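Please treat every number below as a calculation from the coordinates, not as lab data. Note that this is a predicted model, so its numbers are computed, not measured. Cβ sites come from the backbone with ideal geometry, for glycine too, and all protein chains shown count toward neighbours.
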Amino acid sequence: MGLLQKVLLLEIWKGLALTLRKLLLERPVTIQYPEKDKVIPKPGFRGRHALVRDPQSGDTLCIGCMRCARVCPSKCIQIEYEVDPEAKRRRIVRYDIEALRCVYCGYCEEVCPVNAVVLTEFFEYIGFSREELYFTKEKLLQNWDDFIKTQKRPYLNPFWKPRGYPERLLPAKKRAFTGV
Amino acid sequence: MDITLLQGPVLVAVSGLILLLVSLTHVAYLTYAERKIIARMQQRLGPNRVGPRGILQPIADVLKLIQKEDIFPATVDRPIFAIAPLISLVCAASGLALIPLWERFVLSNLNVGLLFILALSSLSAYGVILSGWASNSRYAFLGALRASAQVISYEVAMSLALLSVVLMAGSFNLQDIVKAQMESPFKVFLIPQIVAFFVFMVSALAETNRVPFDLPEAETELVAGYFVEYSGIRFALFYLAEYFGMVVMSALAVTCFLGGYAGPFEVPGLPFFWFLIKLYLLLFFYIWVRATLPRYRYDQLMSLGWKVLIPVALLNLFVTAFLKLMF
């Protein structure tokens, strides 16, 4: 078999048959983004940052617990709050995310007890300067408005209830959460 | 228009110009076809930006290469460096003039046409080795050394394969070879000379420095081989020479093995139909092989040439001569 195989170039013909089959039967797998093909990210894609806008108050849901700022590995979240003496609540003065430093790990949205911060599935964003990618609280809320318009309601980000984490150990608000 | 009227020098010049233009478009679109076909074989799209389906890509490439600066590196031997691509191109392309494209269309009907084409293809090695030497660069020089060694060793096998055809046809004239094929029992020399055809095709791949024998320009080792120092239009000339080489070798294979311009039936109004169909088939084969096979190692290449192809071609030649004597 060895000699015959060599003389008739069987292996080479096999290879040629493979390429011919690819030419005739298979379609190109190229994704022509953005002209022809749209790319729709899978649920839970970690894209542009946003602060969920509370439908009642029109403000952020954030309670100023600072967990996100603490858990952030690149320390790109900066929060300033002041205590409202009447309601005994923290009021967010500044909530900044520096997207250029962010590593998109998603820890902030996992750790947030009220599901206030989220990495949306929107990924087609650019900036021509550092300022454009320095998200302030207003910009983050705006990001949320832009994003949620494109989504089915109620929207529930997979990272708000992380997979494999026992439900009973989640904070009470996260447990009861069914989406915005 | 009756092409037999082309007797005077003016008419020869005119038909030569037409042949040149047609073959240049063929060569340009051969690069396009190659890129497209290889892309499809690798499940890619290939060029698709310039014009619909990228059909204008070769034109864009040519325009780009013409605009580029023609760089002479400081250490090169200028006159030889400048002239080498021209030698390569002229030797590769002028073979087309000898191929009988049709019964009544041969630009120069030499009675030793086959020998002339072989001589030209050996001469084109001069372009390669001169460019490698004049570039004064290691990569280019190594590429040139490889190219010359390869061309010389495969030339032998190729000539031996073609000699069997000459024996069967009894002539070196390509027109006569085609006519001899039309009168032979199988209508083509491919069937009685299948071994010679195989040897010829393999050596033609090596002769034109194509994959899997593209060692002179082995991208992974030598960057681009002998034309590594070239840029702009001179680079394009080398590129043209390679593709002209492919076309000429395929045309030679069509003429010597596949019955030339003769076909199973006449296609009215399209005298070059069968020739072109066969030519395209062989060119497709070149591209197909390129998309499939990896490069040979240099010692494998040499031992394939000297230990396999030349003995096989010699044996085939002896058998052909013996049978010719017997019958």
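Numbers below:
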item	result
Filter result (surrounded by 12 or more Cβ atoms within 10 Å (Cβ to Cβ) and in a loop (DSSP other than H, G, I, E, B)) within the stretch A:128-178	A:136, A:151, A:155, A:156, A:157, A:161, A:162, A:170, A:171, A:177
Condition check for residue A:100: under 15 Å from residue A:78 (Cβ atoms) and in contact (Cβ under 8 Å) with a residue 12 or more places away in the chain	yes
Odd one out for residue B:315, checked against (1) closer than 25 Å to residue A:13 by Cβ; (2) crowded, with 22+ Cβ neighbours inside 10 Å	(2)
Every pair of residues 6+ apart whose Cβ atoms lie under 7 Å, when the first sits in the stretch A:11-40 and is facing another protein chain (nearest Cβ under 7 Å) while the second is hydroxyl-bearing (Ser, Thr, Tyr)	A:15/B:292; A:16/B:292; A:19/B:292
One residue from B:84, B:39 being within 14 Å of another protein chain (Cβ to nearest Cβ), of a type in the set (Gly, Ala, Ser) and either in contact with a helix residue (DSSP H, G or I) (Cβ under 9 Å, 6 or more places away or on another chain) or closer than 26 Å to residue B:248 by Cβ (or both)	B:39
Unmet criterion (only one of (1) assigned to a loop (DSSP other than H, G, I, E, B); (2) surrounded by 19 or more Cβ atoms within 10 Å (Cβ to Cβ); (3) in contact (Cβ under 8 Å) with a residue 60 or more places away in the chain) for residue B:71	(2)
The stretch A:128-167, residues that are in contact (Cβ under 8 Å) with a residue 12 or more places away in the chain, polar (S, T, N, Q) and under 23 Å from residue A:64 (Cα atoms)	A:136, A:143, A:157
Residue that is surrounded by the fewest Cβ atoms within 10 Å (Cβ to Cβ), among those in the stretch B:193-237 that are aromatic (Phe, Trp, Tyr) and either closer than 22 Å to residue B:284 by Cβ or under 13 Å from the mean Cα position of the chain (by Cα) (or both)	B:198
Search result, residues across the stretch B:279-309 that are buried (at least 17 other Cβ atoms within 10 Å of the Cβ), more than 14 Å from every other protein chain (Cβ to nearest Cβ) and out of contact with any Ser or Thr (no Cβ under 8 Å at 6 or more places or on another chain)	B:301
